[in-house]
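S.K.: Sharing a structure with you now.
The values are calculated or read from the model by the stated rules, or taken from the named source; none is laboratory data. Keep in mind that what you see is a predicted model, and the values were worked out from it rather than measured. Counting neighbours? That spans all protein chains shown, and the Cβs are built from the backbone with ideal geometry, glycine included.
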Amino acid sequence: MLPLLLASSSPYRRELLERLRLPFVCASPDIDESPQPSETATNLVQRLAREKAQALAARFPGHLIIGSDQVAVLDQQILGKPHTFESARQQLLASSGKSVSFLTGLALLNTDTNHCQVDCVRFTVHMRELTVERIERYLQAEQPLDCAGSFKAEGLGVSLFRATEGPDATSLIGLPLIRLVDMLMDEGIDLP
């Protein structure tokens, strides 16, 4: 088995990948994550996942490199990471009572063969009606300023949901493990 590399500095993705009980290392790719003009959300996350994997290929020959990227989409607009309390408050107010789709791009690059598998997994969160007070209590409690959509699904953010739908709940956290297992099996890795 080729060694695995997670092309990410995200602690959330690292924790998810640990569930597969395969040895891996992490390295942070340095790429420009800006959307291209008229690029769809699906095309954006697939391109960025591929570019993250490819950015580390020269430094890590003989590896399987996992790249992933995620965006949240509300009313056909991409929501980025809020970075500030006020932006997070605005994102959650706009999401109140609505559905937010999370698109997670996933790439697995075999640097020996240069074969790159790429996919996008969609997961939808149906939000509760949220008051300003509830939003502010949540933001104070969890500080999700580095999370697309302004909540941590793996934490208290789940209290903001009315329902969820999608093929793989791990995609909501940023690394769709079910699809990744398919890709790893295509590369000859048997799990478990």
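S.K.: Could you give me the residue pairs with C-beta distances under 8 Å whose first residue belongs to segment 149-161 and is within 15 Å of Arg137 (Cβ to Cβ), whose second residue is among the hydrophobic types (A, V, I, L, M, F, W, C) and assigned to a loop (DSSP other than H, G, I, E, B) wherever it lies, and which are 6+ apart or on separate chains?
M.R.: Hits for this filter: Gly157/Cys147; Gly157/Phe151; Leu160/Leu130; Leu160/Phe151.
S.K.: Tell me, yes or no, whether segment 37-50 has at least one residue that is at positive phi, at pLDDT below 95 and either under 12 Å from the mean Cα position of the chain (by Cα) or surrounded by fewer than 17 Cβ atoms within 10 Å (Cβ to Cβ) (or both).
M.R.: Here is the first cut: in segment 37-50, the ones at positive phi are 38.
Next, only the ones that are at pLDDT below 95 stay: 38.
Still in the list and also either under 12 Å from the mean Cα position of the chain (by Cα) or surrounded by fewer than 17 Cβ atoms within 10 Å (Cβ to Cβ) (or both): 38.
Within segment 37-50, one or more residues are at positive phi, at pLDDT below 95 and either under 12 Å from the mean Cα position of the chain (by Cα) or surrounded by fewer than 17 Cβ atoms within 10 Å (Cβ to Cβ) (or both).
S.K.: Just give me the residues in segment 1-18 being farther than 17 Å from Pro29 by Cβ, at pLDDT 90 or above and surrounded by fewer than 18 Cβ atoms within 10 Å (Cβ to Cβ), in sequence order. Steps first, please.
M.R.: Of all residues in segment 1-18, those farther than 17 Å from Pro29 by Cβ come to 1-2, 15-16, 18.
Subset that is at pLDDT 90 or above: 2, 15-16, 18.
Passing the criteria: Leu2, Glu15, Glu18.
S.K.: What's the total number of residues in segment 111-136 that are among the polar types (S, T, N, Q) and buried (at least 16 other Cβ atoms within 10 Å of the Cβ)? Even if it seems obvious, please write down each step before you answer.
M.R.: If we filter segment 111-136 for residues that are among the polar types (S, T, N, Q), which is where we start, we get 111, 113-114, 117, 124, 131.
If we keep only those that are buried (at least 16 other Cβ atoms within 10 Å of the Cβ) as well, we get 111, 117.
Going through segment 111-136 one residue at a time, the tally reaches 2.
S.K.: Considering only residues that are in contact with a helix residue (DSSP H, G or I) (Cβ under 7 Å, 6 or more places away or on another chain) and more than 14 Å from Gln54 (Cα to Cα), which ones fall in segment 1-19?
M.R.: Tyr12, Leu16, Arg19 - these are the residues of segment 1-19 that are in contact with a helix residue (DSSP H, G or I) (Cβ under 7 Å, 6 or more places away or on another chain) and more than 14 Å from Gln54 (Cα to Cα).
S.K.: Consider only pairs whose beta carbons are under 6 Å apart and that are at least six residues apart or on different chains; among these, list those whose first residue lies in segment 40-65 and is in a strand (DSSP E or B) and whose second residue is small (Gly, Ala, Ser).
M.R.: Qualifying pairs under 6 Å: Ile65/Ala7; Ile65/Ala53.
S.K.: Read through the list (1) touching a Ser or Thr at 6+ places or on another chain (Cβ under 9 Å); (2) modelled with pLDDT of 95 or more, then give the number of the only condition that Leu79 fails.
M.R.: (2)
S.K.: Of all residues in segment 75-110 being within 16 Å of the chain's Cα centre (by Cα) and hydrophobic (A, V, I, L, M, F, W, C), which is surrounded by the most Cβ atoms within 10 Å (Cβ to Cβ)?
M.R.: Just the residues of segment 75-110 that are within 16 Å of the chain's Cα centre (by Cα), to begin with: 78-82, 100-108.
Still in the running and hydrophobic (A, V, I, L, M, F, W, C): 78-79, 100, 102-103, 106-108.
On the way: Ile78: 16, Leu79: 22, Val100: 24, Phe102: 25, Leu103: 23, Leu106: 29, Ala107: 26, Leu108: 25.
Only one residue tops the list, namely Leu106.
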